[in-house]
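Enquirer: Let me begin by handing over the structure; questions about it come next.
The values are calculated or read from the model by the stated rules, or taken from the named source; none is laboratory data. Predicted model, so just to flag it, every value in this text is computed and none were measured. Positions of Cβ are backbone-derived with ideal geometry, glycine not excepted, and every protein chain shown enters the neighbour counts. Heads up: the accessible areas ignore ligands, DNA and RNA and are worked out on the full protein's heavy atoms, side chains in. Shrake-Rupley method; radii C 1.70, N 1.55, O 1.52, S 1.80 Å.
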Amino acid sequence: MTWYVVRTKPRQETRARLNLENQDINAFLPEITLQKIRRGKRTDVTEPLFPGYIFAELDDYAGKFHKVRSTFGVAKMLTFGETPATIPDALIEEMRHVNATTQQKAQQSAMPQVGEKVEITYGPFKGFIAEIVQLDGESRCIVLLNWLQKEVKATLEFSEIRRS
């Protein structure tokens, strides 16, 4: 089995990967999680590491070329002249390892824990250090902060705090 480079249609990497997997073709889409500012707030966004490309593992290139080429989301198989572009197994395994590690770190950093000290990064309390006292749903938490020598509770989005 050899890994080949597949060129996808614009922004259809996930669709191509899913359609290849539905045809029992092993496909891999390396992704990276970045922090971007959307609507004035910092959010984590997962994007393809190589936009427009995925990797497919084929045992019979000549026999499955047309099957891969006619898959929804796929534009073409990448070739150099008549030679198909291949990727070593070791490189794919390394990318899978990095992909899993990155996703694990993103999940850990996304969910703050009760009792954790955080810095408020947005709003009127920007710059204040607070302690998380309760998680409120999947994207909010209730924090306790010291303001004018009083302890005040505030509800904040995860995107409005940063671990200190």
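Enquirer: When you look at S164, is it surrounded by fewer than 15 Cβ atoms within 10 Å (Cβ to Cβ) and farther than 19 Å from D44 by Cα, yes or no? Break it down stepwise before answering.
Expert: On the way: surrounded by fewer than 15 Cβ atoms within 10 Å (Cβ to Cβ): yes; farther than 19 Å from D44 by Cα: no.
In short, no.
Enquirer: Which condition does G63 not pass, out of (1) part of a helix (DSSP H, G or I); (2) surrounded by 13 or more Cβ atoms within 10 Å (Cβ to Cβ), if it passes all the others?
Expert: So the condition that G63 fails would be (2).
Enquirer: Going by the conditions given, is A75 closer than 18 Å to E94 by Cα and open to solvent by less than 60 Å² (accessible area, probe 1.4 Å)?
Expert: On the way: closer than 18 Å to E94 by Cα: no; open to solvent by less than 60 Å² (accessible area, probe 1.4 Å): yes.
Spelling it out, it is not the case that A75 is closer than 18 Å to E94 by Cα and open to solvent by less than 60 Å² (accessible area, probe 1.4 Å).
Enquirer: Considering only residues that are in a strand (DSSP E or B) and free of Cβ contacts under 8 Å to residues at least 60 places away in the same chain, look in region 20-37 and name the one that is surrounded by the most Cβ atoms within 10 Å (Cβ to Cβ). Step through it out loud before you land on a result.
Expert: Kept after step one, since they are in a strand (DSSP E or B), are these residues of region 20-37: 26-28, 31-37.
Then keep just the ones that are free of Cβ contacts under 8 Å to residues at least 60 places away in the same chain; that gives 26-27, 34-37.
Numbers: N26: 14, A27: 22, L34: 11, Q35: 12, K36: 10, I37: 10.
So the residue we want is A27.
Enquirer: Quick check on my filter: what residues within region 43-75 are free of Cβ contacts under 8 Å to residues at least 40 places away in the same chain and among the small types (G, A, S)?
Expert: Across region 43-75, the qualifying residues are A62, G63, S70.
Enquirer: Take L135 and tell me if it is open to solvent by less than 40 Å² (accessible area, probe 1.4 Å) and closer than 24 Å to V45 by Cα.
Expert: Values: open to solvent by less than 40 Å² (accessible area, probe 1.4 Å): no; closer than 24 Å to V45 by Cα: yes.
In short, no.
Enquirer: On to the next question. Residues of region 138-151 being open to solvent by less than 90 Å² (accessible area, probe 1.4 Å) and assigned to a strand (DSSP E or B), which ones?
Expert: Within region 138-151, the subset open to solvent by less than 90 Å² (accessible area, probe 1.4 Å) is 139, 141-145.
Listed by number, the residues that qualify are C141, I142, V143, L144, L145.
Enquirer: Tally time: how many residues in region 38-60 are in a strand (DSSP E or B), under 16 Å from the mean Cα position of the chain (by Cα) and modelled with pLDDT of 95 or more?
Expert: Selection size over region 38-60: 2.
Enquirer: Go through region 66-102 and count every residue that is touching an Asp or Glu at 6+ places or on another chain (Cβ under 8 Å) and in a loop (DSSP other than H, G, I, E, B).
Expert: Going through region 66-102 one residue at a time, the tally reaches 1.
Enquirer: Can you tell me how many residues in region 111-120 are touching a helix residue (DSSP H, G or I) at 6+ places or on another chain (Cβ under 9 Å) and open to solvent by 40 Å² or more (accessible area, probe 1.4 Å)?
Expert: Initially, region 111-120 is screened for residues touching a helix residue (DSSP H, G or I) at 6+ places or on another chain (Cβ under 9 Å), giving 111-112, 120.
Next cut, open to solvent by 40 Å² or more (accessible area, probe 1.4 Å) only: 111.
Total satisfying the criteria: 1.
Enquirer: Select from region 1-37 the residues that are of a type in the set (S, T, Y) and touching a strand residue (DSSP E or B) at 6+ places or on another chain (Cβ under 7 Å) and write down the one among them that is modelled with the lowest pLDDT. Walk me through it before giving the result.
Expert: Taking region 1-37 and keeping what is of a type in the set (S, T, Y), we get 2, 4, 8, 14, 33.
Subset that is touching a strand residue (DSSP E or B) at 6+ places or on another chain (Cβ under 7 Å): 2, 4, 8, 33.
On the way: T2: 94, Y4: 96, T8: 97, T33: 82.
Going through the qualifying residues, I end up with T33.
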